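In what follows, a structure is listed as C-alpha cells, so that the remarks can point back to it.
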Amino acid sequence: AELAAAIVRIAALCAAAVTALVVAAVALLVVDIPLGLGVLIGVPLLVVALNRMAPLLTRRSTSQQEALAGTTSLAVDLVTGLRVLRGIGAQANAARRYAGASRHALDVTLRAATTKGLHLGLTTAVNGLFLAVVAGVAGWLALEGRLTVGELVAVVGLAQFVAEPVQTLGYGIQLFAMARASAQRVARVLGAAP
C-alpha cells in the first residue's frame with residue numbers, strides 16, 4: 001500500500017522535471033529556434049523510448065513483491081506453529097520449505113534489481129548521448145557563426161541542466177512501475193472474496 005501511494009510522489013517529481021524541461025527548452029528557443037525545437041522534440045522521444053521498459057519493470061516488481069510476501073507469510077506461519085512442528089518432528093521439513101521460498105525470493109529480487117539497473121544505465125547513457133548531441137550541434141552552430149560564444153556557453157549549460165530532469169523522468173518511470181505493481185496487488189486483495 002505504501003508503494004502504491006508513491007504515485008503522488010512520482011507525479012510531483014515528473015511535474016517538476018517537465019517544468020524544468022519546458023523552461024530550458026524555451027530558453028534554448030530564445031537562443032536558437034532549431035536547437036530549442038530539437039530539445040522539445042528529442043526529450044519526449046527519449047522518455048517514450050525509456051518508457052518501453054515500464055511493462056517489464058512492472059512484471060518484475062510484481063513477481064518480487066509476490067515472492068517476498070509469500071516468504072514472509074511462510075515465516076509467520078512457521079513461527080506461529082513452531083511448537084506443533086517440534087511436536088511432530090517437522091522442523092527440518094519446515095526449514096527446507098522456508099529455505100526454498102527464500103532462495104526463490106532472492107532470485108526474483110535479483111531479476112528485478114537487474115532490470116532496474118539496466119533501465120537506469122540506459123537512461124544515463126541516452127541522457128549523455130543527448131547532451132553530447134545538443135552540445136555538438138551548438139558547437140557547430142558557433143563555428144558557423146550562428147551562435148556567439150556567450151550563446152554557446154548558455155546552450156551547453158542548458159544542455160547540462162536538461163540532463164537532470166531527463167534522469168528524473170527515467171527514475172519516475174521505475175517508481176511508477178513499482179507503484180503500479182503494488183496497486184495491482186492491493187486491488188487483488190481488496191477484490192478478493194471474503
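Structure values in brief
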{"read-out": "The chain: angle of helix 54-80 to the longest principal axis, Cα-based, in degrees nearest 10", "value": "30 degrees"}
{"read-out": "Potential lengthening between Arg146 and Leu118 on full extension [0.36 nm per residue; Cα-Cα distance subtracted]", "value": "6.2 nm"}
{"read-out": "Cα gyration tensor, segment 1-55 - rounded (a/c under 1.5), prolate or oblate", "value": "oblate"}
{"read-out": "Pair Ala163, Leu190: separation of 7 Å Cα→Cβ label points (nm)", "value": "4.1 nm"}
{"read-out": "Relative packing of peptides 169-179, 74-84 - highest average C-beta neighbours within 10 Å first", "value": "169-179, 74-84"}
{"read-out": "Potential lengthening between Ala95 and Ile41 on full extension [0.36 nm per residue; Cα-Cα distance subtracted]", "value": "13.8 nm"}
{"read-out": "Dipole magnitude of segment 49-194 about its Cα centre (Cβ charges: Lys, Arg +1; Asp, Glu -1), debye to nearest 20", "value": "920 debye"}
{"read-out": "Which of Thr148, Thr71 is most accessible, then next, and so on - probe 1.4 Å", "value": "Thr148, Thr71"}
{"read-out": "For the chain: relative contact order, % (alpha-carbon pairs under 8 angstrom, 6 or more apart)", "value": "45 percent"}
{"read-out": "Angle between the chain longest axis and helix 149-191 axis [Cα atoms, degrees, rounded to 10]", "value": "20 degrees"}
{"read-out": "Portion, in percent, of the accessible area of the chain that falls on carbon or sulfur, probe 1.4 Å", "value": "69 percent"}
{"read-out": "Accessible area expressed per residue, the chain, with surrounding protein chains retained (probe 1.4 Å, Å²)", "value": "58 Å²"}
{"read-out": "Calculated FRET value between Ala12 and Ile88, using beta carbons and R₀ = 45 Å, to 0.05", "value": "0.25"}
{"read-out": "Full-extension gain in nm, Val26 to Asn51, via 0.36 nm per residue minus C-alpha separation", "value": "6.6 nm"}
{"read-out": "Pairwise centroid distance, computed over Cα atoms, of segment 110-134 with segment 1-76, Å", "value": "12 Å"}
{"read-out": "Computed FRET value (nearest 0.05) for Thr72 with Thr109, which takes r as the C-beta separation and R₀ as 22 Å", "value": "0.95"}
{"read-out": "Check: segment 11-94 dipole with +1 on Lys, Arg Cβ and -1 on Asp, Glu Cβ, in debye", "value": "360 debye"}
{"read-out": "Identified option (computed log10 I(q)/I(0) by the Debye sum over Cα atoms at q = 0.08, 0.09, 0.18 Å⁻¹; candidates (i) -0.43, -0.50, -1.12; (ii) -0.38, -0.47, -1.31; (iii) -0.29, -0.37, -1.25)", "value": "(i)"}
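The values are calculated or read from the model by the stated rules, or taken from the named source; none is laboratory data. All values derive from a computational prediction rather than experimental measurement. Heads up, the Cβs are rebuilt from the backbone with ideal geometry, glycines too, and the neighbour counts pull from every protein chain shown. We work out accessible area using only protein heavy atoms, side chains counted, and drop any ligands, DNA or RNA first. Shrake-Rupley method; radii C 1.70, N 1.55, O 1.52, S 1.80 Å.
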